[in-house]
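The block underneath contains the structure these notes are about, expressed in structure tokens.
The values are calculated or read from the model by the stated rules, or taken from the named source; none is laboratory data. Treat the numbers as computed from the prediction; the structure is a model and nothing was measured. All Cβ positions, glycine included, derive from the backbone under ideal geometry; neighbour counts span all protein chains shown. Just the protein is used for accessible areas: all its heavy atoms, side chains included, with ligands, DNA and RNA removed. Shrake-Rupley method; radii C 1.70, N 1.55, O 1.52, S 1.80 Å.
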Amino acid sequence: MELWFTEEWVPGLKLSVQVKNVVHKEKTKFQELAVYDTETLGRILVLDDVIQTTEIDEHLYHECLVHVPMMSHPNPEEVLIIGGGDGGSLREVLKHKTVKRATLVDIDEGVVEASKKFLPQWNTGFSDPRARVIIANGLDFVAQAKEEYDVIIVDSTDPIGPGEALFREEFYESIKKALRPGGMMAAQTENPVLMPDLVRTIFGRVKKVFPVAKLYTGPMPTYPGGFWSYTCGSLGPDPGEPVRDAGDISFRYYSPEIHRRAFVLGPEVAKNVYGG
Ligand code: SAM
């Protein structure tokens, strides 16, 4: 008998993928978690029936989310990741030799533990001596932050359930306070074509808080609509311009050209977020 996993992208639009094997299923303290092996997407992590990350395209998302702020910052040493319990963003952050410490704060220990057991493509950063994992609500952690960071990455679930808090203006205010001078943040901010009102609202909050706010986009086949946006808030450096040599980092998708191109928005998306 064929087994299929189906996610409702938006009302009236669904993605279905054939499942070869149910690797793991559990109800964590916060979410329904499942790991499947699929025919076309390889191993996938699902939370509350929403695909979080897939073997076939996770590099597109993680490289866009992480390397854009990391390469626009002249010397990122202290990095904070909020969410990202699968470990993909941590793995990418740790590729940068400038990084002295990468702190990952996820609300759900179940996601981190599932990654350590079942997601070998994602979890390599957890054993790096520069990595520190804290189980806490990102909203509270950043509001009470005692340390300061050069780069903060928000790798959250969608703005429903526990992830909702990570799209609030008060959260961006706390992030701004937790950044060192010249610091910057990048957050995943949903699909600008399928969800223009949501993207405009989130971008508006970042823009209200940060002196520099810019939206960039990239392909993401397994997220709703296949096209994704990210928002940078910066205290100084232009997020659109890579300023460092990547050294010996081997990228699968990112390049300085992709970085600059990601900030080139079509007129409709640009008007939606920047107005005019
Ligand atoms: N790339 C994914 C996407 O866009 O669908 C997100 C992947 S990552 C698995 C998202 C993580 O955010 C989850 O592990 C979840 O537990 C975490 N998360 C959700 N709300 C949170 C909160 N308030 N504080 C910290 N982590 C949170």
Calculate the FRET efficiency for S127 and K177 from the Cβ-Cβ distance with a Förster distance of 35 Å, rounded to the nearest 0.05. 0.65
Principal axes first, then extents: for the Cα atoms of segment 3-54, list largest minus smallest coordinate on each axis, whole Å, largest first. 30, 24, 18
Considering only the chain, what is the antiparallel percent among its DSSP beta bridges, to the nearest 5? 65 percent
Cross-link partners among lysines for K25, C-alpha distance below 24 Å, same-chain residues fewer than 8 apart left out? K14, K116, K117
So, R0 is 25 Å and r is the distance between the beta-carbons of E109 and V243; what FRET efficiency does that work out to, to 0.05? 0.10
For A178, what charge total do you get from the other residues with a beta carbon under 13 Å from its beta carbon, if Lys and Arg give +1 and Asp and Glu give -1? -3
For segment 3-54, with the dipole built from +1 on Lys and Arg beta-carbon atoms and -1 on Asp and Glu ones, taken about the Cα centre, which of L13, V46, V23 lies farthest toward the positive end? V23
For the chain, modelled as a Gaussian network with Cα springs under 10 Å, which listed residue fluctuates most, T98, T189, T157? T98
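Please report the net charge: other residues with Cβ closer than 15 Å to the Cβ of F203, K and R +1, D and E -1.
Here the charged neighbours net out to +3.
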Portion, in percent, of the accessible area of the chain that falls on carbon or sulfur, probe 1.4 Å: 52 percent
Solvent-accessible area per residue, Å², over segment 15-149 with all protein chains present [probe radius 1.4 Å]: 38 Å²
Taking all pairs of distinct alpha-carbon atoms in the chain, Kirkwood radius in angstrom: 18.7 Å
Using the beta-carbon distance between A136 and E8 and R0 = 22 Å, what value does 1/(1 + (r/R0)^6) give for FRET efficiency, to the nearest 0.05? 0.15
Classify segment 1-113 from the C-alpha gyration tensor, please: rounded if a/c falls under 1.5, else prolate or oblate depending on whether a/b exceeds b/c. prolate
With a sphere of radius 15 Å drawn around the Cβ of V23, what net charge do the other residues whose Cβ falls strictly inside it have (Lys, Arg +1; Asp, Glu -1)? -2
